[in-house]
Amino acid sequence: MRRELLIGAGPGEWRAAWLEDGVAVELYVERGELRPVGSIHLGRVVRRVGGLAAALVDIGEERPGFLPVRASETQRLDEGARVLVQVQREAQRDKGARLSTRLARHGTPFAPDSLAARAAILEPPAQLDPAPGFAAALALRLPASPDRVVIDDPAPLPELRAVFPEPDIAHQPVDLWPIDLDGVFAAALAPSSPLPDHGRIHIDECRAAVLIDVDTGTPEGGGSAPQAALAANLAAAAAVAHAIRLRQLGGGIIVDFIGLEGRGPRDRVRDVLAAALADDPARPELLGWTRLGHLEIVRPRHGRPLSAAMLEPGAARKSTTALAFEALRALYREARAHPAANWRLVVVPAIEAALRGPQAAALRELETRLGRTIALARMSPGEAAPFDIVAL
């Protein structure tokens with residue numbers, strides 16, 4: 001299998017696609033605000049939560065991480081204590097990262113003597129392994145070592161080569177890539193995905209579970225209605241498996257197939273879905289059919305879903321954060337095409353607040369790349385687009 005990593009490196013944000021034999025199967029968004037699974041940190045205990053036998057630990061994120069406390073650790077994890085922890089599950093929208101004091105590399109426990117020596121001269125919070133950086137964080141999220149890494153900006157090449165010493169690493173314009181990165185991201189963030197013969201799968205990410213509904217549409221050709229429904233459901237099974245991995249969905253997943261009566265058709269659909277899920281490195285578990293005729297899947301939730309990085313909570317529209325980075329990325333493309341111009345970025349008030357606040361560092365990074373100041377202006381009420389780029 002040929003494994004490729006394609007990276008779109010915008011100011012303050014990397015978007016990446018993991019390809020297997022030329023097909024995008026996983027998507028990532030890296031902004032440096034979340035500590036990836038497997039990273040090791042020197043944290044400080046913020047508070048003990050006695051009723052949950054846990055401690056809240058500051059590791060440098062917006063929310064403190066959640067650390068279950070064993071009885072043997074109770075005495076040394078009082079408020080203010082320094083502690084070495086490893087991220088087991090990334091922070092979610094309303095939950096801090098899940099942490100552990102049992103440190104491991106690639107699933108194997110190790111003695112962190114060198115990390116302890118480094119931690120002794122640092123003040124928490126501090127990331128100890130890997131070294132902070134977009135490339136190192138992205139490497140932890142990948143399912144395997146890539147055969148080739150392609151990036152659309154030459155500036156991060158030294159960082160990539162330090163993190164990925166073995167793969168072939170190259171700078172390549174996006175118009176030479178085997179996929180349309182913007183198009184793949186747009187499709188993975190849409191609430192539904194098309195199927196052959198006009199059918200669709202609809203995906204609803206709720207707080208308690210992910211609900212997937214199969215709509216067979218109006219298939220063309222002959223055959224009975226049950227045969228047409230079975231053919232559509234078999235196609236949907238492969239599409240469901242692909243969407244789950246591409247969108248980084250996790251937790252309980254309920255799939256509502258349509259028109260499946262009898263054990264034979266259900267077994268065929270289940271077998272096709274099980275085969276399609278077999279290549280998923282997260283190892284989802286297919287639980288079986290419910291009494292209502294739904295198929296249940298459980299996929300371990302280690303990282304945030306793609307929607308959490310790109311969409312407003314509970315909505316299908318892009319978040320202010322995602323739009324702010326999109327505006328910077330669009331301006332950077334325009335500036336590379338017309339390097340002599342000065343620029344004004346005209347944005348809606350929410351994006352202006354983001355670029356003057358949480359994403360101010362990304363705006364400064366873009367100004368450094370371009371070697372000039374970018375004028376930031378507020379858009380007039382009633383404008384349709386969230387941002388506009390004006391050459392001065």
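Assorted remarks:
- Ligands, DNA and RNA left out, the 1.4 Å accessible surface of the chain is 52% carbon and sulfur atoms.
- Shape category assigned to segment 122-275 from the gyration tensor of Cα positions, a/c cut at 1.5: prolate
- In this structure the amide hydrogen of residue 149, modeled in the peptide plane, comes within under 5 Å of the amide hydrogens of 5, 168, 169, 170, none closer than 5 places in sequence on its chain.
- When only alpha carbons are used to place a centre, segment 236-276 and segment 332-365 end up 42 Å from one another.
- When +1 charges are put on Lys and Arg Cβ atoms and -1 charges on Asp and Glu Cβ atoms, the dipole computed for the chain relative to its Cα centre reaches about 1160 debye.
- Computed with a 1.4 Å probe over protein heavy atoms only, the accessible surface of the chain comes to 49 Å² per residue.
- Inter-probe distance in nm under a simple model that places probes 7 Å from Cα toward Cβ, at residue 145 and residue 312: 4.5 nm
- Treating each Cα of segment 18-67 as an identical point scatterer and summing with the Debye formula, the log10 of I(q)/I(0) at q = 0.18, 0.20, 0.21, 0.24 Å⁻¹ comes to -0.68, -0.76, -0.80, -0.92.
- Accessible-area order (highest first, 1.4 angstrom probe) of the listed residues 277, 84: 84, 277
- Helical contribution to [θ] at 222 nm, DSSP H n ≥ 4, -39,500 (n - 2.57), averaged over the chain, rounded to 500: -8500 deg cm²/dmol
- Annotation: amide H-H contacts under 5 Å for residue 49 (H modelled 1.01 Å from N, sequence separation of 5 or more, or interchain): 54, 55, 56.
- Residue 151 - accessible surface, heavy atoms, 1.4 Å probe, Å² rounded to 10: 0 Å²
- Net charge contributed by nearby residues that have their C-beta within less than 10 Å of residue 293 (K/R +1, D/E -1): 0
- Rg/Rg_globular for segment 4-101, with Rg_globular taken as 2.2 N^0.38 Å and Rg from C-alpha atoms: 1.33
- For the pair residue 353 and residue 275, a Förster radius of 45 Å applied to the C-beta separation gives a FRET efficiency near 0.40, rounded to the nearest 0.05.
- Under the Karplus curve 6.51 cos²θ - 1.76 cosθ + 1.60, θ = phi - 60°, whole-Hz ³J(HN,Hα) for segment 246-252, x wherever Gly or Pro sits: 4, 8, 6, 7, x, x, x
- Here residue 141 sits with roughly 50 square angstrom of accessible surface, probe radius 1.4 Å.
- In sequence order, calculated HN-Hα J values of segment 300-306 (Karplus, 6.51, -1.76, 1.60; Hz; x Gly/Pro): x, 9, 9, x, 6, x, 4
- Ranking 7, 23, 230 by how far each Cα lies toward the positive end of the dipole of the chain (charges on Cβ) leaves 7 at the top.
- Computed on segment 1-148, with alpha-carbon pairs under 8 angstrom and 6+ residues apart, the relative contact order is 26 percent.
- Distant-in-sequence amide H partners of residue 376 (H built 1.01 Å from N, under 5 Å): 345
- Net charge, residue 322 excluded, C-beta distance under 12 Å - Lys, Arg +1, Asp, Glu -1: +2
The values are calculated or read from the model by the stated rules, or taken from the named source; none is laboratory data. In this text the structure is predicted, and so the values were computed from the model without any measurement. Cβ coordinates were reconstructed from backbone atoms using ideal geometry, including for glycine residues, and neighbour counts include every protein chain displayed. Accessible surface areas use protein heavy atoms only, side chains included; no ligands, DNA or RNA. Shrake-Rupley method; radii C 1.70, N 1.55, O 1.52, S 1.80 Å.
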